[in-house]
């Protein structure tokens, strides 16, 4: 499923709202949650992560995973948390509106 | 959301261990971070795929496939992003650091107000004065001619051996034939025009203004590329041959001032010599054409080149200035050679002798001021040097004091870089503040200069700050402030912390390097100040001598009136006598005569003289011929050195033109023509104009003293011949009054015009004004230089006393010990003071040498005092030495008063 433009960012923010994750974890979670329907290239994800980091919606730090491997972990900042709330509300409304129109049974309201 | 839940959510999962966050300080670090991330990401991916059952090779391929774009591209994108982040972070950090440093710097400056104020003022003055003077110089010296074809305009002049280098006298009478020949045969010159000047009075609301006018050929203004603002310029039909003009173009300044810029100006009239002229147009402002008036003419009238000798006003035969417009691309040299060769082919074209010289109008305009301004350049350079040295000294002294502070901070862990940055910020803020103040001072100074400008240098009114100059002085001063302000960091680097602290405890002597630098600066300061002061002193003395120099006549209380009388010869004679009677009857008038104010109204010409009984003749090309009546010498107070006055009826048989048969010469001319002393009884006559028969010989009956123009220095006076006045329509009067000339002028004018309403009197020149205006430029330069000298002295005193006081205070401990050991206080003081004097002596010696070199360059401007004048040198040297003494003595005395036990204990 191709993502609408801009939704990747809010999805990433939502993913991180459960706690700090590193890049692969984020893709894994998104894939499992969407039953594989969301297919994002890794490059696109990394780009999104960096975009969000530049805008200071997420912050990054290096840590060692429980497997003993170094990884760059991302976490939400408070600004990011606020943005997540706003964006997800807007997006959900948007989808609701579209759904209402597209599931209309007749031309009359 | 409660904070606790947020924290929980932000906690790593079990088993994850945080590393220290690596801040991205450098681009390299940023790149490394991006690379590491991509590698870690891929590694994790591959791990998971392998766990899921793929072989390592397949897992890697799959991981790369999932990447979605080539690895290199992805890497690039990540790197770029990391670098962007790094930049932002760096900027933010730098801004925060800067704010902090500034805060600390300001606080520190506030704690030492004396130092801060002195340093700022010194910088401001150095920068401000320099910029102002340089800008004024630039405005005066390099101002381009303010009309479109300005850089193609040249002026052919006949060089005059007698007056070489004095461009005022170099413009000779260009025969009309010569100009015609040029016009016909030239290939290098597009057009030739001529202009000559006059004065006229404008009666506006009853007040009479003295204004300048110029008679020009019809092609003059178009040749310059000048378009009239209003109305039109001249056309050939406007020229009245053998008669006064009846149209005029007025200047924009006159239009706005006397006619309030009214739009119906065309058609109104202006009066010249009692006759009305119709105004046909307005010329734009700022036409700084090099005529002898230094400001643009107020009015232009058309005229024709004629060969007539006494054409009166409206003709161009009396010494017109000739201007030529070069064809584009033609150089002055090429045109000059061509004009010369054409001139050689015209018979009698040489006229009054001398080589042809073609000069750019641009250079002619600026010729007079060059020397004086070069002097100012040098003075200003010295001032800049002194102010920089002072600032440097102050900063170094302060830096030394703070060595300890920096050592301690370094020991406590402050980064070297951080300390250096802080010092840099301090110096920068001081330099920038000083620079800004300097700009303010520059603007103010320029305004003051413009307000105090002498007449004739009116261009000073338009001078503004030149950006290039400002930049240059700012750069120099800021560099000085910066480099010396960073001394503390430098010192901190020189000595290990421990050494510094130990040394401070011991109170030992100052470091060798710093002391050497400071000593050098002190010596430089003294030397530069001395040189500047000596130059100022000599120029001041020159000026005083100039003022005392005998002019050869007495201008104070003397008035000069030039009067035009109409009518037949008899009528003019009657009116003239009536005027004389009227003037003599005035209460405060002690003498009236026909004659001119020396230096004004001289008619040029050449003279031919018999120099020995065998009839050999000699030529003198340039001469001032003065028409007078016999009483003139008495009225003007010109001494007669030998012989007698000419008979007032001694007219020659030649009719109205020419000299009387008995004439006087001045001493300079007598010496030139008859060095053996046989002037009286010798024959001389005017050199005839080309194609004219020679005049009859006149006889010299007396020798007068030389007269000079006020403000002109130089040992050689002009050559003068005094001849009895012919009754032409223009009659010059001089009047001796007991009042000042300025007060008497309106009275005299009224008396003259009361005689007959048809008399037209030109504006009356008062000798007092003449004297003042003549001396004004020199006085101006003198006051500037004096001001400089004073400022230089003040700066040097500050720098000197600051440095010496500082080093003395460093020796407080030593003084305390000596006193404690029972030394005689006065001996201690002497010991301390003598330490500084060695430097001062060296500075004085160097300064004297520099001063000698400087004054030798100045010697052409000096008058009545030599370039190596001992009294001036000695006086200034003593002055500087005295300041140094005081600067050392005061802090030494102060140190004495401190309780020795205190000084030992302190620290």
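Considering the range A:51-81, the residues that are farther than 23 Å from residue B:74 by Cα and in contact (Cβ under 8 Å) with a residue 40 or more places away in the chain include one that is farthest from the other protein chains (Cβ to nearest Cβ), namely A:80. Of all residues assigned to the range B:105-113, none qualifies as being surrounded by fewer than 21 Cβ atoms within 10 Å (Cβ to Cβ), assigned to a helix (DSSP H, G or I) and within 14 Å of chain A (Cβ to nearest Cβ).
Could you check, for the range B:43-51, whether at least one of its residues is closer than 17 Å to residue A:49 by Cα and either at pLDDT below 65 or facing chain A (nearest Cβ under 7 Å) (or both)? So far as the range B:43-51 goes, yes, one or more of its residues are closer than 17 Å to residue A:49 by Cα and either at pLDDT below 65 or facing chain A (nearest Cβ under 7 Å) (or both).
Yes/no per residue for (1) part of a helix (DSSP H, G or I); (2) modelled with pLDDT under 85; (3) touching a strand residue (DSSP E or B) at 6+ places or on another chain (Cβ under 8 Å):
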position: B:851; (1), (2), (3): yes, no, no
position: B:867; (1), (2), (3): no, yes, no
position: B:877; (1), (2), (3): yes, no, no
position: B:881; (1), (2), (3): yes, yes, no
position: B:895; (1), (2), (3): yes, yes, no
position: B:903; (1), (2), (3): yes, yes, no
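Just to be sure I understand the filter: pairs with C-beta atoms under 6 Å, separated by 6 or more residues or on different chains, first member in the range B:681-706 and under 27 Å from residue B:551 (Cβ atoms), second member at pLDDT below 75. Which pairs pass? Sorted first by the residue in the range B:681-706, then by its partner, the pairs are B:686/B:605; B:706/B:717.
The set of residues from the range B:72-84 being facing chain A (nearest Cβ under 9 Å) and more than 60 Å from the chain's Cα centre (by Cα) comprises B:73, B:74, B:77, B:78. Residues in the range B:52-71 that are within 12 Å of another protein chain (Cβ to nearest Cβ), over 22 Å from residue A:64 (Cβ atoms) and without any contact (Cβ under 8 Å) to a residue 24 or more places away in the chain: B:52, B:62, B:64, B:65, B:66, B:68, B:69, B:70. The residue of the range B:85-104 that is farthest from the other protein chains (Cβ to nearest Cβ), among those that are over 15 Å from residue B:424 (Cβ atoms) and in contact (Cβ under 8 Å) with a residue 40 or more places away in the chain, is B:90.
The values are calculated or read from the model by the stated rules, or taken from the named source; none is laboratory data. Keep in mind that this is a model prediction, so the values were computed, not measured. When we count neighbours, we look across all protein chains shown, and the Cβ atoms used for this are built from the backbone with ideal geometry, even at glycine.
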